[in-house]
1. Separation of the range B:174-199 and the range A:19-83 by C-alpha centroid, Å?
2. Would you mind checking the pairs A:LYS172/B:LYS370; B:LYS250/B:LYS378; B:LYS250/B:LYS370; B:LYS188/B:LYS226; B:LYS188/B:LYS253; B:LYS203/B:LYS266 and listing those with alpha carbons more than 18 angstrom apart?
3. Where Lys and Arg each count +1 and Asp and Glu each count -1, what net charge lies around B:SER55 among other residues with Cβ under 10 Å from its Cβ?
4. Residues with amide H under 5 Å of B:GLU330's amide H, sequence separation 5 or more or different chain, H placed in the peptide plane at 1.01 Å from N; which?
5. Apply the Karplus curve 6.51 cos²θ - 1.76 cosθ + 1.60, θ = phi - 60°, to the phi angles in the range B:162-173 and return the couplings in whole Hz, x for Gly and Pro.
6. List, in order, the whole-Hz ³J(HN,Hα) value for each residue of the range B:130-140 obtained from phi through the Karplus relation with A = 6.51, B = -1.76, C = 1.60 and θ = phi - 60°; use x for Gly and Pro.
7. Which of the lysines could a cross-linker span from A:LYS169 if the Cα-Cα distance has to be under 18 Å and same-chain partners fewer than 8 positions apart are dropped?
8. Please give every one of the lysines within straight-line cross-link reach of A:LYS87, meaning a C-alpha to C-alpha distance under 20 Å, and leave out same-chain neighbours fewer than 8 residues apart.
Amino acid sequence: MARNDSPRANPTSALSRVDFAAVVNEHWTGVYRLLHRLTGNSHDTDDLTQETFLRALNRLETFQAGTNLRAWLLRIASNAFFDLQRKRQSNRQQPLPDDAVSPERPPGQALETGEQGRLLRIALEELSETARLVFHLRVEEELSFREIADILGGTEEAARWHMHQARGKLLKRLSALEKS
Amino acid sequence: MDCQRAREALLTADDLRSPAAALRDHLERCAACRLLSQQLARLEQDWRDLPTPASADASRLAFLDRLPGSLPAPVRRPAALVVRWLVAALLLLAVGSAAWLLSTPRAVAGPPFIERLVDWNLELAEAGSLAERQRLYASQQAAFQAAAVSLPAEDRELASLLLENGSRLAAHDDPIAEAERFSAVADKLVEKLHQAALGKDEKAIDRYARLQTQVAQRGVGDRLAKIEEAGVLNFESERRLEKVILRDAKRRKQLIEMLEREPELKRKEIRQELDLPTKVADPPPGLSFDFDLRDRPAVVGQPTQFRIRLANRGAADLVRLQLVITLPDELEVLDTRGTSPFRREGQQLISRAPIKLPVGQETDFVVEVKAVRAGAAKCRAELRLKQSSYRPVLRDWTVKVVAAGS
């Protein structure tokens, strides 16, 4: 997974730090929605969305004017999510610390309104985290596979393959759920 | 294009709403592939239509609320870096020599040594300035290190922790880091208290109970009050502060459970020594702190919710309120709503942003849970606020959970 949140260091970034509140207002919901799809719960989503904007705040100088700010934020968010996953996996191999976070609830258990939304969330459990990420970035954020590949730190072909997996599995699972 | 290729093309398509010409031709001729295309398009539309969780807006506002008015540029001056490296090197040296000295087996020293080390730590923390701390540190550090070499094995780890804490207190004036380290010392003292209880060593029980209270109150508690009073925190600091508060709440819970479980700790003096609050403490005048459960009883497997309502019926604003809710394993948290978003740590929920409750106002916190097994689920809410000097006001309640259909 990509580790580079700041690939385009630019000392003359056009994004002023005082504009940051406007950035938060414009992009918070998009970042929040992505993270909620990935984590399936509002507690981790709250944490990770804050973490994303904190990281962005500390790296504003590295953002290159004229490039896709939304994609830059979504890449930071994705990295924050995978960092948390790694941390939890590594914690499981060690004695449980006092303040360890409880194991993740599967994405399907979050509160959701509407039957189709509920089925979609159950079907989501079929997908790997990367496939979920790719599906969301393409369908909701309408990023190109090139941009998604940049976020993943992989190739465009790999991004397409994950999309193939996501569409195929979601469709299959949803079809089975609707029949049952 | 055949059906197999059409299917592959659909599953990897850039945009299902505008298929390539060859695929479009196939779809016009093939009903099965057209159906697949329509199903995929519906799936993606359903995905886009999923609602944004209601908590998104509250967390955005909370974040903006804490966003500093003028954001400092993250520039590290070379001089500051050199100083940090020097401080780090000195700390390593101090910690290393303490560890070496403490690992050397020698004769036995008297028990007051740990008490003196604790006092020294607290004096360092309470000193008026960094210069004063450095003076205090320098005046005692060598003597403590020399005396530490003859400590009995069971006290070495605690002494090492206190010596390291002393060296860090002398190097930095950072109340959050201090609260974190005093928390570690308090945790270690609880561990020692537990060992003493298991060993039925009354003298050690009295000793560790007393030391634990000193460290928890003057070390952790006073640092927390200092941080709260200072008011201005960056985001990382707030998260660290939340963790210290949670750790404090957990330690208190652990002590209460130990007192209930260990016969050696049942003496009234020990409860007094540990200064554990009664389970239902008096809130400050004017504060109403109530709990209400929607479904009585709760049913296994069914979601239910409870509401914690805070109201200010007094004559002065209540400020900097922080709420910690501890739930038993019988209840699984599904969602939370309220004036302040919650952070979740295991079975504990902690309000993120300090809450202000002006005169005459009230605020609700709703916790959506699912009961996972039948029984009596004991819940606790701890409220800290400036008007109670940040000491917790407690509310305990029991949720009766019954099996479905009973």
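Any read-out appearing in this document is the output of simple, stated calculations on the displayed coordinates, not a laboratory observation. It should be emphasised that the depicted structure is a prediction, and the values quoted were computed from it without experimental measurement. As a convention, Cβ positions derive from the backbone with ideal geometry for all residues, glycine included, and neighbour counts pool all protein chains shown.
1. 37
2. Values: A:LYS172/B:LYS370 29 Å; B:LYS250/B:LYS378 15 Å; B:LYS250/B:LYS370 23 Å; B:LYS188/B:LYS226 23 Å; B:LYS188/B:LYS253 15 Å; B:LYS203/B:LYS266 14 Å.
In this structure, A:LYS172/B:LYS370; B:LYS250/B:LYS370; B:LYS188/B:LYS226 lie more than 18 Å apart at Cα.
3. Details: positive: B:ARG60, B:ARG337; negative: A:ASP46, B:ASP57, B:ASP335.
Here the charged neighbours net out to -1.
4. Those lying under 5 Å, H to H, from B:GLU330: there are none.
5. Whole-Hz 3J(HN,Hα) from phi for the range B:162-173: 6, 5, 5, 4, x, 5, 6, 4, 6, 8, 9, 10.
6. 5, 4, 5, 4, 5, 5, 4, 5, 5, 6, 10
7. Straight-line reach from A:LYS169, under 18 Å: A:LYS179.
8. Straight-distance partners of A:LYS87: B:LYS243.
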